[in-house]
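Asks: Please see the structure below; I have some questions.
Nothing in this text is a laboratory measurement; each read-out follows from the coordinates by a stated rule. Source: prediction; values computed, not measured. Note that we place each Cβ from the backbone using ideal geometry, even for glycine, and neighbour counts take in every protein chain shown.
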Amino acid sequence: MKLIDTDIPEVKILEPRVFADSRGFFLESWNRNTFASLGLDLDFVQDNHSKSTQGTLRGLHYQTRNPQGKLVRVTQGEVFDVAVDLRRDSATFGQWVSMILNDDNKHIAWIPPGFAHAFYVTSDTAEFQYKCTDYYHPQHECSLLWNDPQLAIPWPLVGGAQPTLSDKDKAGVLLADAPTF
């Protein structure tokens with residue numbers, strides 16, 4: 001497993017070793033000892049799996065209490081993945097990083113607690129899987145507005161069309177009005 005730094009030091013990209021041959025491939029997506037040796041001593045309590053169609057944007061989600069760290073990957077298709085730092089005492093507060101996760105590069109992203117997270121589907125469909133360090137608590141969930149001008153995230157909108165959003169994400173708040181850590 002190779003650890004790749006991003007512009008926000010706590011957000012990491014992990015590149016697994018992929019063993020491919022004529023039958024297909026094998027990779028190890030999670031191993032507690034391997035991750036701990038990379039400085040990521042993590043404990044997960046929940047796994048999630050979603051499938052979304054092209055143009056779907058899920059996020060920017062976070063929980064104000066019981067914040068979740070997320071180990072995310074795409075097993076089919078491609079997404080533009082984003083993490084926004086919401087830790088007020090951080091030198092990178094209000095900044096974001098993005099990465100392309102797809103079934104070709106097989107990259108895995110670590111999004112620590114204290115960050116809002118979102119992804120936008122650029123392929124026809126995408127299957128997105130993630131492990132969480134805390135349970136989902138809907139009463140503490142918040143959503144930042146995906147197109148907050150202060151964040152100015154350059155979403156790669158397919159055909160320039162507006163993304164498909166849930167009602168919750170349509171009602172997202174601006175960073176200036178959002179509860180933070």
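Asks: Cβ-Cβ below 6 Å, separation at least six or inter-chain, first residue in the stretch 8-34 and free of Cβ contacts under 8 Å to residues at least 60 places away in the same chain, second surrounded by fewer than 11 Cβ atoms within 10 Å (Cβ to Cβ) and not in a loop (DSSP other than H, G, I, E, B): which pairs?
Replies: Going by the 6 Å Cβ cut-off, the qualifying pairs are PHE26/PHE19.
Asks: Given the structure, is ASN48 assigned to a strand (DSSP E or B) and more than 11 Å from the chain's Cα centre (by Cα)?
Replies: Taking the combined requirement at face value, the residue satisfies it.
Asks: Looking only at the stretch 19-42, filter to residues that are of a type in the set (D, E, K, R) and touching a helix residue (DSSP H, G or I) at 6+ places or on another chain (Cβ under 8 Å); which one of those is farthest from THR180 (Cα to Cα)?
Replies: Checked the stretch 19-42; the qualifying residue farthest from THR180 (Cα to Cα) is GLU28.
Asks: Condition test on ILE4, is it outside any helix (DSSP H, G or I) and farther than 24 Å from THR125 by Cβ?
Replies: The answer is yes for ILE4.
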